[in-house]
Amino acid sequence: MQPCRTLWRGLVVMAALCGVVAVPVTPAFADDTCAALGLGNAHAIHAALTTALKSVAPQQSANGGLGNQMWATIVDQDGVVCAVTFTGTTRIDQWPGSRVISAQKANTAASFNLPAGIGGTVDALATANLWKPVQPGGTLFGLQFSNPVDPAVAYGNNAAKYGTADDPLVGQFLGGVNVFGGGLALYNKHGKKVGALGVSGDTSCADHNIAWRTRHALNLDYLTTSGVSGLTAAPLQDNIIYNINSAFGHPTCGFGEETVTLPNTQ
């Protein structure tokens, strides 16, 4: 018998030829960088995210916006998906397209945030802070087209598992850059960037507010005590800036989102 060869790039191992039983491999993300979140294993991370998201949304009076049901994604510090969830009863109670958008926002926040003291003048940026500079003529125009989403990761596999602890995105690199509200980095009490959060399903301004409250509920918003710098003063360092004349401004969305009071970063 010829020696068995491992066939990469998605080919199935022929157990009969190799004389072994092929065992599905589950990504070890929960024991790797997702563990830095401090939320436990894969199912515990999903449960914590679900509880935190449902504690703050949909609450139109608290967040402004449309009061829609929401999607949320947590990634590790490199952008590997740790958990995906939603607030509704089923996956179709939220805009279906917002599942991937929430993951894009999380990836963006993971990609463009730094641990405390690593940045020159800014460690933490919200995805909303990127809206202005990517406009035509802006200093970051084209950023939104970099790091494209992997469509096979985004849309493959079993839709019935979307938003569950076994969502097909979990353990995968999705990619994508999203430049409006709803994405924030996650910081522990030492100022370490341990991951990022993305929220989608409402206006981009409401998404930012909901992401902010969700991060606070997860107890991963230690920007102030650890000296994480942002574009605005503590204790709202990476807040959305409602001034389109600012270099990092974001337009209002028209549903009162800018009038709400958000909790201070810890």
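The helices (runs of 4 or more DSSP H) falling completely within the stretch 1-119 that include 2 or more residues that are modelled with pLDDT of 95 or more and crowded, with 22+ Cβ neighbours inside 10 Å map to 42-56, 98-111. Considering LEU130, LEU114, the condition of being among the aliphatic types (A, V, I, L, M), more than 22 Å from LYS189 (Cα to Cα) and touching a residue at least 60 places away in the same chain (Cβ under 8 Å) is satisfied by LEU130 alone. Pairs are defined by a Cβ separation below 6 Å, a sequence spacing of at least 6 or placement on different chains, a first member in the stretch 189-213 that is farther than 16 Å from THR87 by Cα, and a second member that is among the acidic types (Asp, Glu) and part of a helix (DSSP H, G or I); the pairs so defined are CYS205/GLU257. Scanning the stretch 146-163 for residues that are surrounded by 15 or more Cβ atoms within 10 Å (Cβ to Cβ) and either part of a helix (DSSP H, G or I) or of a type in the set (Asp, Glu) (or both) yields VAL153, ALA154, LYS161. Would you confirm whether any residue within the stretch 244-264 is within 17 Å of ASN113 (Cα to Cα), of a type outside the set (D, E, K, R) and touching a Ser or Thr at 6+ places or on another chain (Cβ under 8 Å)? No, every residue in the stretch 244-264 fails to be within 17 Å of ASN113 (Cα to Cα), of a type outside the set (D, E, K, R) and touching a Ser or Thr at 6+ places or on another chain (Cβ under 8 Å).
Looking only at the stretch 141-200, how many residues end up being among the polar types (S, T, N, Q) and out of contact with any helix residue (DSSP H, G or I) (no Cβ under 6 Å at 6 or more places or on another chain)? So the count comes out to 6.
Could you tell me whether ASN178 is polar (S, T, N, Q), assigned to a loop (DSSP other than H, G, I, E, B) and in contact with a strand residue (DSSP E or B) (Cβ under 7 Å, 6 or more places away or on another chain)?
The answer is no for ASN178.
For the stretch 254-266, the set of residues classified as polar (S, T, N, Q), in a loop (DSSP other than H, G, I, E, B) and either closer than 13 Å to PHE180 by Cβ or in contact (Cβ under 8 Å) with a residue 12 or more places away in the chain (or both) consists of ASN264, THR265, GLN266, listed by residue number.
Here's the yes/no breakdown for (1) at pLDDT below 95; (2) surrounded by fewer than 19 Cβ atoms within 10 Å (Cβ to Cβ); (3) assigned to a loop (DSSP other than H, G, I, E, B):
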residue	(1), (2), (3)
ALA165	no, yes, yes
VAL170	no, no, yes
ALA185	no, no, no
LEU197	no, no, no
ALA206	no, no, no
LEU223	no, no, yes
LEU231	no, no, yes
TYR242	no, yes, yes
THR252	no, yes, yes
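Could you count how many residues in the stretch 120-140 are outside any loop (DSSP other than H, G, I, E, B) and either of a type in the set (Ser, Thr, Tyr) or out of contact with any Leu (no Cβ under 7 Å at 6 or more places or on another chain) (or both)? Looking only at that region, the number is 3.
The values are calculated or read from the model by the stated rules, or taken from the named source; none is laboratory data. Given the structure is predicted, the values throughout are model-derived calculations rather than measurements. Virtual Cβ from ideal backbone geometry, glycine too; neighbours counted across all protein chains shown.
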